[in-house]
Amino acid sequence: MAKPTILVIEDDAEIRELLAFSLGKEGWILVFAASGEEGMAAFPTANPDCVVLDIMLPGINGLDVLRKIRSDPSRSRLPVIMTTARGEEADVVSGLELGADDYVVKPYSPKVLVARIRTALRRRADPGDHPAAAGQLVVLGELSLDPARHELRLRGEAVDLSATEFAILELLMRNPGRVFARSGIIDAVRGPDYPVTERSVDVQILSLRKKLGDDGDLVETVRGVGYRLKD
């Protein structure tokens, strides 16, 4: 089996050195870039399986790099994990809205990043491999969700979702009418004790509704509680 390639776009030389040691022990192929421009230039030859992307970069910043990545249909499911300094919640929200799959806050433990990368790679290899998935086709009204293919169709038309959006929608579709608290959605989709804010769930729901278009109101907000899918 080919070793996964991890593209790390990080301008801090000390962090790159630390990650070269920590990630290198996993046996992954590592490609490093010190700027957004270098990172984008590395794509054709590196063909990464996962990207670790710093937000604060010289030249093209991380959010612009993420926009460029997601603008290419062939990279719509490429896992992107953002790294950000504390106090940059607005940037985290923007990144999630643009389609980032995950984020870690600096200073972070390399072990935490390794665990996030492993999870991202596993989901890419098997999109149905997450706590909410049961592997079977789910049909609800005009929505048809296929975990094995990581495919959602609305009235027969494909809808492109990020891994997290897909997992949330599957959780709701498998339990129509049931209300899930934000913390419950995090636990079901990411696992218990996962360090992510409830605000991130709101961002993912907002993005999911936009992608569903006129049918976005199928995902209902239950004030003071959380979300549910119309039964």
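The values are calculated or read from the model by the stated rules, or taken from the named source; none is laboratory data. Note that the structure is predicted; figures quoted are calculated from it, not measured. We place every Cβ from the backbone using ideal geometry, glycine too, and count neighbours over all the protein chains shown.
Kindly list the number of the only condition in (1) crowded, with 20+ Cβ neighbours inside 10 Å; (2) closer than 21 Å to SER200 by Cβ; (3) at pLDDT 85 or above that fails for ALA133.
Of (1) crowded, with 20+ Cβ neighbours inside 10 Å; (2) closer than 21 Å to SER200 by Cβ; (3) at pLDDT 85 or above, only one is false for ALA133: (3).
Being of a type in the set (Asp, Glu) and either farther than 15 Å from ARG16 by Cβ or surrounded by fewer than 19 Cβ atoms within 10 Å (Cβ to Cβ) (or both) is the filter here, so list the residues in the range 26-58 that pass it.
Keep residues of the range 26-58 that are of a type in the set (Asp, Glu), which gives 26, 37-38, 49, 54.
Passing the criteria: GLU26, GLU37, GLU38, ASP49.
Report, ordered by the first and then the second residue, all pairs with beta carbons closer than 7 Å, sequence separation of six or more or different chains, a first member in the range 200-212 that is assigned to a helix (DSSP H, G or I), and a second member that is small (Gly, Ala, Ser).
Within 7 Å, the pairs are ARG209/GLY216; LYS210/GLY216.
When you look at ALA100, is it within 17 Å of SER200 (Cα to Cα), in contact with a helix residue (DSSP H, G or I) (Cβ under 7 Å, 6 or more places away or on another chain) and either outside any strand (DSSP E or B) or in the same structural domain as ALA163 (by TED's automatic domain parsing) (or both), yes or no?
Details: within 17 Å of SER200 (Cα to Cα): yes; in contact with a helix residue (DSSP H, G or I) (Cβ under 7 Å, 6 or more places away or on another chain): yes; either outside any strand (DSSP E or B) or in the same structural domain as ALA163 (by TED's automatic domain parsing) (or both): yes.
So ALA100 fits the description; yes.
Taking ARG178 as meeting all but one of (1) assigned to a loop (DSSP other than H, G, I, E, B); (2) at pLDDT 90 or above, write down the number of the exception.
For ARG178, the failing item is (2).
Need pairs with beta-carbon distance below 6 Å; first residue farther than 16 Å from TYR108 by Cβ and within the range 18-31, second assigned to a helix (DSSP H, G or I); sequence gap 6+ or separate chains.
Going by the 6 Å Cβ cut-off, the qualifying pairs are LEU30/LEU23; VAL31/ALA42; VAL31/ALA46.
Read through the list (1) under 18 Å from THR84 (Cα atoms); (2) at pLDDT 95 or above, then give the number of the only condition that GLU37 fails.
(1)
From the residues in the range 66-118 that are touching a Gly at 6+ places or on another chain (Cβ under 9 Å) and at pLDDT below 80, which one is surrounded by the most Cβ atoms within 10 Å (Cβ to Cβ)?
Among them, the one singled out is GLY95.
Hey, could you check the range 1-12 for residues that are of a type in the set (A, V, I, L, M) and modelled with pLDDT of 95 or more and say which is nearest to MET56 (Cα to Cα)?
Residues of the range 1-12 that are of a type in the set (A, V, I, L, M), as a first pass: 1-2, 6-9.
Next, from what is left, pick out any that are modelled with pLDDT of 95 or more: 6-9.
Details: ILE6: 19, LEU7: 16, VAL8: 13, ILE9: 10 Å.
Across the range 1-12, the extreme among qualifying residues is ILE9.
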